[in-house]
Amino acid sequence: MSKMKVAILGSGNIGTDLMYKILKNDGRMELSLVAGIDPESEGLRRAREAGIVASHEGIKEILEDPEIKIVFDATSAKAHIKAAEQLRAAGKMAVDLTPAAIGPYLVPPVNLNNHIEAKNVNMVSCAGQATTPLVYAVSRVVPVHYAEMIATVASRAIGPGTRQNVDEFTRTTANSLVKVGGARTARAIPVFNPAEPPITMANTVYAAINEKDFDFDAIKKSINDMIEDVSEYVPGYRLKSEPIIDYRDTSWGRLPVVVIMNEVEGAGDYFPKYAGNLDIMTASARKVGELYASHSLQNEEVRK
Amino acid sequence: MSIPRLTDTTLRDGSHAISYSYTIEQVKDIVRGLDEAGVPVIEVSHGAGLNGSTIQQGFSKTPEFELIKAAVETVKQAKIASLFVPGIGTSEELREAVEIGIKAIRIAVHCTEADVTEQYIRLAKELDIEAVGFLMMSHTQPAEVLARQAKLMESYGADCVYVVDSAGAFVPQDVRERVSALKEALSIDVGFHAHNNLGLAIGNTVAALEAGADQVDGTVRGLGAGAGNAPTEVIVATLNKMGIDTAISLAGLMDLSEEVVAPIMPGPIVIDRDNLASGYAGVYNSFLLHVRKAAEQFDLNPTEIMEELGKRQAIAGQEDWILDIALELAEKKKDLQNI
C-alpha cells in the first residue's frame, strides 16, 4: 500500500509525542522529517535516534521537499500564522496544533468529513478535543440550550503558553462547543490541579436541555457510541460513570442537565499517562493526518 | 502594629451562603451600611468571582454587573472591588467591571498557580486599578512555596498578596509562619483571609496582624462560604480592644449586622458537623451547599464526601468532583448491599 510523506514542524513536547504516535501506528503516513529551530533540542535528537531526518532550519527543508504533502505544525500561534501561508503556497496540507486557528476547527469524530478537502485545519484545544464530541453526542439527539465544560488537568501537564493566555484557551474551547459541538451557547472552564501524584485529565460536561420531551436512553446510547468512536484513536478516553440527568436552577429556569463525566488517560508515548490533555491533541492530529492521507491516496488511485 | 486595611466581602464570599441570590436592594443597603461605617474596601461579585454564574457554581439571581453597578452608585468613600478567577472570568469581564467603576480586582488562583495571574494583573495595572493577588487554599503549601508564588505576583505588578485560608484549616501558628514568610519576601502589602471552620477566624486574623499583615478580610456577621469568615464587626471590636484604631464605626457595623444582614441569612452560621468535617479535611468552603445537596440526593453522609474530597486534593472550582464522588460512593454502597 502506498504511503504519503508527512513532516512535523516543531520539535517540542507536542511534536515529539506526535512523532512517536505516527511511528507506532502503521498507517498511510510516512514520517520523513522533523523540523525545529534548536539543533540541540531533545526532540530533534530523539527524531534522529528514531531514524527520522531532523532539521534545525525551521520550515525550510519542509518547503524544499515537494513529496511532503501533510505538515503538522506544533510550534506557536504566531509562528503558524507565517507558516500557514508558506505551506498553502507550496500546496501542502497543514494540521495546526497551535491556537492560531486559521483554518476551521476539526474534531475527528464530529466534522472531519465536512473539511476533507481543506488545506488547513485547526485542532482546537486539548479540552476542545475531549469535550466537543460529548456535546455533539447530546446535540445530535436533542438541542443543547447551553453547554458548560469543566476540564481538570494536572498542573504539570499545562505548559507556559496556556498559562500565559488562559483567555484564549477558554474562548477557543467554548467556541468549539458551539460551532462544532452544536450547543446554542457554551462556557469552558479550566482547572489546574497540582495534586501529587498528578491527576489524570478529568472533564465534566453539562448539557442543559430546554425541550419538554427528550429520550434520555437515546442520548445515553449516542454518548456511548461517541466514546467508542473517540477511544478508537485515544484508547484512554472513557466515561467515569454513566451519564445522569440532574435538574439545575439556571438563568433559563429549572432545566434538566445531562451530566457527563469523562476521563482521558494518555497512551504514555512521550508524555506521562496522566497528561491525557496533551495526548488527545497529538492522537487527534494523527487521526486527522491518517484520514487525509488515505483520502488523497485513494483519490490519486482513482485518477490513475 | 500598624493599622490594617479592612476589606469587607459580605457581598462576594457571602453570596456562596445564600446561593448567589443577592438583590439590588440588598446590595445597596449593605454597601450603604459599610460605607457609612467607614469600611475602606467592599467586594462585590459572584462568590466564584466575575462571570462565576454557571451550572458548576450556581447561577446569580440578579446579573452581577447590575449588583456591582448598584454598589458603585451607592458608595461615597469606599472602594468597590471584585474577585476574579482566571478561567472563570476573562479579560472581557474584567474590563467591563472596570468600566462600571470597580477600583480594585482581587485575582484568585490555587496557591501553586500564580503564573496564571500574569495576564490579568498586568491588565488591571494597565486599566489603572489596584491589583491584589489571592493565594487560595494556602494551607496546602508550606510558607516558602507561598512566598515564591507571591513573589511572582509581585513581579507582575500586584499591589498586595493575600494568604487565603479557603478551607478554614489553619491554626494560628500556620498563619504566622506564612504571613511572616510573605512579609519577608515582598515589598508590597500582605493580606489574610480567614474562614471559621475551626472557630479560629478571629484568632487567625489576629495572628496574621501580629505577624505583620497589612490587610485583612471580614464579612458582616461572618456571612461567607461554608463556616463563614471573620465577622467584620468582631474584627473591629477586637482591634479596638487591642488599642488599634481603624476609625471604623463599630456601632454602625453592629446595626448593619443585626438589621440588614441577619434577615437575609437562611439561618445562623455555626460550626456544625459538615463545616467542621470540611475544615478538618481541608476542603474548599464553598463546596458546602453542593455537598449537602449531593448527600441528600444519593443518601450519603456529607462527612464521607468531605473526607474523599480532601483525600483527592480537590481545589477551588471543582464542584463537579462532588457529584463524581457521590456517584462513586453510592455505587459502592449498592454493591455492598448486593453481597
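The values are calculated or read from the model by the stated rules, or taken from the named source; none is laboratory data. All values derive from a computational prediction rather than experimental measurement. Note that each Cβ is placed from the backbone with ideal geometry, even for glycine, and that neighbours are counted across all protein chains shown.
Does B:Glu92 count as away from chain A (no Cβ under 11 Å), outside any strand (DSSP E or B) and surrounded by fewer than 17 Cβ atoms within 10 Å (Cβ to Cβ)?
Judged against the criteria, B:Glu92 is not a match.
In this structure, is A:Lys212 touching a residue at least 24 places away in the same chain (Cβ under 8 Å) and either touching a Pro at 6+ places or on another chain (Cβ under 9 Å) or surrounded by fewer than 19 Cβ atoms within 10 Å (Cβ to Cβ) (or both)?
No.
Check segment B:276-285 and report whether any residue there is at positive phi and within 13 Å of another protein chain (Cβ to nearest Cβ).
Checked segment B:276-285: at least one residue is at positive phi and within 13 Å of another protein chain (Cβ to nearest Cβ).
Each row is one residue, and each column tells you yes or no for (1) closer than 23 Å to B:Ala207 by Cα; (2) of a type in the set (S, T, N, Q).
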position	(1), (2)
B:Ala225	yes, no
B:Ala230	yes, no
B:Thr238	yes, yes
B:Met242	yes, no
B:Asp245	yes, no
B:Glu259	no, no
B:Ile264	no, no
B:Val270	yes, no
B:Ala281	yes, no
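Report every pair of residues separated by at least 6 positions or lying on different chains whose Cβ atoms are under 6 Å apart, first residue within segment B:115-132 and part of a loop (DSSP other than H, G, I, E, B), second of a type outside the set (A, V, I, L, M, F, W, C).
B:Ile129/B:Lys103
Identify all residues within segment B:164-206 that are assigned to a helix (DSSP H, G or I), touching a strand residue (DSSP E or B) at 6+ places or on another chain (Cβ under 7 Å) and farther than 23 Å from B:Met306 by Cβ; write none if there are none.
Matches in segment B:164-206: B:Arg178, B:Val179, B:Leu182, B:Lys183, B:Thr205.
Kindly establish whether A:Val121 is β-branched (Val, Ile, Thr), within 14 Å of chain B (Cβ to nearest Cβ) and either under 30 Å from B:Ile88 (Cβ atoms) or surrounded by fewer than 18 Cβ atoms within 10 Å (Cβ to Cβ) (or both).
No, not satisfied.
Within segment B:299-339, can you find the residues that are within 12 Å of chain A (Cβ to nearest Cβ), closer than 27 Å to B:Ala108 by Cα and acidic (Asp, Glu)?
Answer for segment B:299-339, where residues must be within 12 Å of chain A (Cβ to nearest Cβ), closer than 27 Å to B:Ala108 by Cα and acidic (Asp, Glu): B:Glu319, B:Asp320, B:Asp324.
For every residue, the table says whether it meets (1) part of a strand (DSSP E or B); (2) at pLDDT below 95; (3) loosely packed, with under 15 Cβ neighbours inside 10 Å.
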{"position": "A:Lys5", "(1), (2), (3)": "yes, no, no"}
{"position": "A:Leu18", "(1), (2), (3)": "no, no, no"}
{"position": "A:Ile22", "(1), (2), (3)": "no, no, no"}
{"position": "A:Ser32", "(1), (2), (3)": "yes, no, no"}
{"position": "A:Pro39", "(1), (2), (3)": "no, yes, yes"}
{"position": "A:Gly43", "(1), (2), (3)": "no, no, no"}
{"position": "A:Arg48", "(1), (2), (3)": "no, no, yes"}
{"position": "A:Gly51", "(1), (2), (3)": "no, no, yes"}
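Output the number of the condition that A:Val259 fails; it satisfies all remaining conditions of (1) within 26 Å of B:Thr54 (Cβ to Cβ); (2) part of a helix (DSSP H, G or I).
All conditions are met except number (2).
Going residue by residue through segment A:82-89, is there one that turns out to be surrounded by fewer than 24 Cβ atoms within 10 Å (Cβ to Cβ) and part of a loop (DSSP other than H, G, I, E, B)?
no
Looking at (1) modelled with pLDDT under 95; (2) of a type in the set (Asp, Glu); (3) in contact with a Phe, Trp or Tyr (Cβ under 8 Å, 6 or more places away or on another chain), which is the only condition A:Glu301 fails?
(3)
Restricting the search to segment A:196-207, which residues are crowded, with 19+ Cβ neighbours inside 10 Å, over 19 Å from A:Asp279 (Cα atoms) and more than 7 Å from chain B (Cβ to nearest Cβ)?
A:Val205, A:Ala207
Residues are listed down the side, and each one gets a yes or a no for (1) within 20 Å of the chain's Cα centre (by Cα); (2) of a type in the set (A, V, I, L, M):
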position: A:Val6; (1), (2): yes, yes
position: A:Gly10; (1), (2): yes, no
position: A:Leu31; (1), (2): yes, yes
position: A:Ala50; (1), (2): no, yes
position: A:Ile62; (1), (2): no, yes
position: A:Ala74; (1), (2): yes, yes
position: A:Lys78; (1), (2): yes, no
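Given the criterion in contact with a Leu (Cβ under 8 Å, 6 or more places away or on another chain), modelled with pLDDT of 95 or more and not in a helix (DSSP H, G or I), identify the matching residue among B:Leu6, B:Leu83.
Selected residue: B:Leu83, the only one of B:Leu6, B:Leu83 that is in contact with a Leu (Cβ under 8 Å, 6 or more places away or on another chain), modelled with pLDDT of 95 or more and not in a helix (DSSP H, G or I).
Within segment B:33-80, restricting attention to residues that are crowded, with 24+ Cβ neighbours inside 10 Å and among the acidic types (Asp, Glu), which residue is farthest from the other protein chains (Cβ to nearest Cβ)?
The residue in question is B:Glu43.
Just name the residue that is surrounded by the most Cβ atoms within 10 Å (Cβ to Cβ) out of those in segment A:61-71 that are touching a residue at least 24 places away in the same chain (Cβ under 8 Å) and among the charged types (D, E, K, R).
Applying the filter and picking the extreme gives A:Lys69.
Could you identify the single residue in A:Ala74, A:Ala47 that is touching a residue at least 40 places away in the same chain (Cβ under 8 Å), of a type in the set (Gly, Ala, Ser) and under 25 Å from A:Thr162 (Cβ atoms)?
The conditions single out A:Ala74.
For segment B:115-154, what are the residues that are over 19 Å from A:Thr162 (Cα atoms) and of a type in the set (S, T, N, Q)?
B:Ser138, B:Thr140, B:Gln141
Out of the residues in segment A:248-279 that are more than 14 Å from the chain's Cα centre (by Cα) and among the β-branched types (Val, Ile, Thr), state the one that is farthest from A:Gly128 (Cα to Cα).
A:Thr250
Tally the residues that are over 19 Å from A:Pro235 (Cβ atoms) and assigned to a helix (DSSP H, G or I), restricting the search to segment A:133-143.
Count: 4.
From the set of residues in segment A:169-195 that are more than 7 Å from chain B (Cβ to nearest Cβ) and of a type in the set (S, T, N, Q), which is surrounded by the fewest Cβ atoms within 10 Å (Cβ to Cβ)?
A:Thr185
Looking at (1) touching a strand residue (DSSP E or B) at 6+ places or on another chain (Cβ under 6 Å); (2) under 26 Å from B:Ala167 (Cα atoms), which one does B:Ala48 not meet, given that it meets all the others?
(1)
Would you mention how many residues in segment A:208-251 are small (Gly, Ala, Ser), more than 10 Å from chain B (Cβ to nearest Cβ) and within 19 Å of A:Glu263 (Cα to Cα)?
3
Just to be sure I understand, how many residues within segment B:102-120 are more than 8 Å from chain A (Cβ to nearest Cβ) and surrounded by fewer than 24 Cβ atoms within 10 Å (Cβ to Cβ)?
2
May I ask you to list the residues in segment B:286-298 that are within 14 Å of another protein chain (Cβ to nearest Cβ), more than 22 Å from A:Ala151 (Cβ to Cβ) and not polar (S, T, N, Q)?
B:Leu289, B:Lys293, B:Glu296, B:Phe298
Taking A:Val124 as the residue in question, decide whether it is in contact (Cβ under 8 Å) with a residue 40 or more places away in the chain, over 28 Å from B:Gly317 (Cβ atoms) and not in a helix (DSSP H, G or I).
Answer is no for this residue.
Can you tell me how many residues within segment B:212-249 are assigned to a helix (DSSP H, G or I), free of Cβ contacts under 8 Å to residues at least 40 places away in the same chain and either in contact with a Gly (Cβ under 7 Å, 6 or more places away or on another chain) or surrounded by fewer than 24 Cβ atoms within 10 Å (Cβ to Cβ) (or both)?
5
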